[in-house]
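The values are calculated or read from the model by the stated rules, or taken from the named source; none is laboratory data. Just so we're clear, the structure is a prediction, and the values are computed from it rather than from any experiment. FYI the Cβ positions are ideal-geometry reconstructions off the backbone, even for glycines, and counts take in every protein chain you see.
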Amino acid sequence: MGSAVENQVKDMVEYVLEKPKYRQISSGLIESIVKSELHKGRKTKDTQKAVLSKLHQVGTAYFSQKQTYEKWEAALSQLPIDIHSPEVEDFCVGVMRTHFSTSERLPILDDFYHTILSRIQPIRSILDLACGLNPLALPWMPVEAGVRYIGCDIFRDMVAFLNTFSNHFNFDSEFHSCNLLDAQFNEQVKVAFLLKAIPCLEQLEKGFPENLLRAIPAEYILISYPISSLSGKTKGMQENYTNQFNQLLEASNWTYERFAFSSELAFLVKKS
């Protein structure tokens with residue numbers, strides 16, 4: 001990449017990061033999107049608009065409420081250290097309600113993880129990719145005491161909150177901001193989560209999810225899809241995402257189980 005193009009990329013990344021709405025997003029992801037959009041040869045303003053639109057589609061559109069991390073951390077500091085206490089569970093539900101992905105799962109939370117994960121006990125390690133606020137569902141997961149929980153997401157402030165959350169309960173955990181388009185994995189886990197993330201990853205780079213699945217160092221991968229759009233539309237989504245999932249696995253000899261819940265479609269894949 002020539003110096004002129006490098007400067008163009010640098011300037012556009014800085015332009016995005018100056019926007020309060022996008023300031024906390026991983027600069028690596030922004031750079032990846034900028035490079036992809038610059039290749040399309042549009043005018044600068046059109047490219048800027050396309051980059052912001054893509055970041056909204058894969059990230060900021062999913063916040064249903066303002067993320068008040070300082071307020072949550074203050075409330076967290078007053079909670080007991082027993083993650084299964086009613087006060088902690090109430091806190092987790094309240095926080096998860098602010099993000100569409102986890103909010104949609106709340107009505108099925110009691111069944112979702114128990115139904116799926118009870119099949120692969122014991123679970124001593126989890127890798128949660130594009131995790132969002134999903135780690136706050138840990139009280140509902142049938143996992144071993146002392147489970148190692150590794151997670152990553154594009155929002156740096158969210159990741160900082162997740163580390164504060166895990167430190168309060170003294171988890172064996174590690175949360176960091178990441179750009180999955182160039183992520184490196186170096187730790188084998190029992191199960192990896194890709195919850196409602198595949199459609200967003202496909203938007204970022206067509207065909208990328210198939211490569212990602214091969215690279216994930218997990219015995220099992222839990223993949224899920226929404227069955228309604230953020231605007232509430234449901235028509236054809238289960239069929240479309242089932243077809244998308246089947247295409248993802250058609251070149252592999254992996255086996256899987258399918259789970260249909262009222263608000264989410266899930267597949268537990270066993271990598272062989």
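Looking only at region 184-209, count how many residues are closer than 13 Å to LEU222 by Cα and assigned to a helix (DSSP H, G or I). Give the derivation first.
First, pick out the residues of region 184-209 that are closer than 13 Å to LEU222 by Cα: 189-198.
If we keep only those that are assigned to a helix (DSSP H, G or I) as well, we get 198.
Going through region 184-209 one residue at a time, the tally reaches 1.
Listed here are the residues, each with its yes/no results for (1) touching a Ser or Thr at 6+ places or on another chain (Cβ under 6 Å); (2) of a type in the set (Asp, Glu).
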position: GLY28; (1), (2): no, no
position: GLN65; (1), (2): yes, no
position: ILE81; (1), (2): no, no
position: GLU87; (1), (2): no, yes
query: Hey, among ASN246, ASN179, which residue is modelled with pLDDT under 95, surrounded by 13 or more Cβ atoms within 10 Å (Cβ to Cβ) and not aliphatic (A, V, I, L, M)?
result: ASN179
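Please find, among ALA75, ALA61, the residue that is at pLDDT 95 or above and surrounded by fewer than 19 Cβ atoms within 10 Å (Cβ to Cβ).
Values: ALA61 fails: at pLDDT 95 or above.
One residue alone meets the criteria, ALA75.
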- request: Could you tell me which numbered condition PRO122 fails, if it satisfies all but one of (1) surrounded by 19 or more Cβ atoms within 10 Å (Cβ to Cβ); (2) under 20 Å from VAL269 (Cβ atoms)?
  value: (1)
task: Just give me the residues in region 127-146 being closer than 16 Å to ILE83 by Cβ, hydrophobic (A, V, I, L, M, F, W, C) and in contact with a helix residue (DSSP H, G or I) (Cβ under 9 Å, 6 or more places away or on another chain), in sequence order.
output: LEU133, LEU136, ALA137, LEU138, TRP140, MET141, VAL143
query: In this structure, does VAL189 turn out to be assigned by TED's automatic domain parsing to the domain that holds GLU239 and within 23 Å of TRP72 (Cβ to Cβ)?
result: no
Enumerated helices (runs of 4 or more DSSP H) restricted to region 40-129, each holding at least 2 residues that are touching a strand residue (DSSP E or B) at 6+ places or on another chain (Cβ under 9 Å): 100-105, 109-117
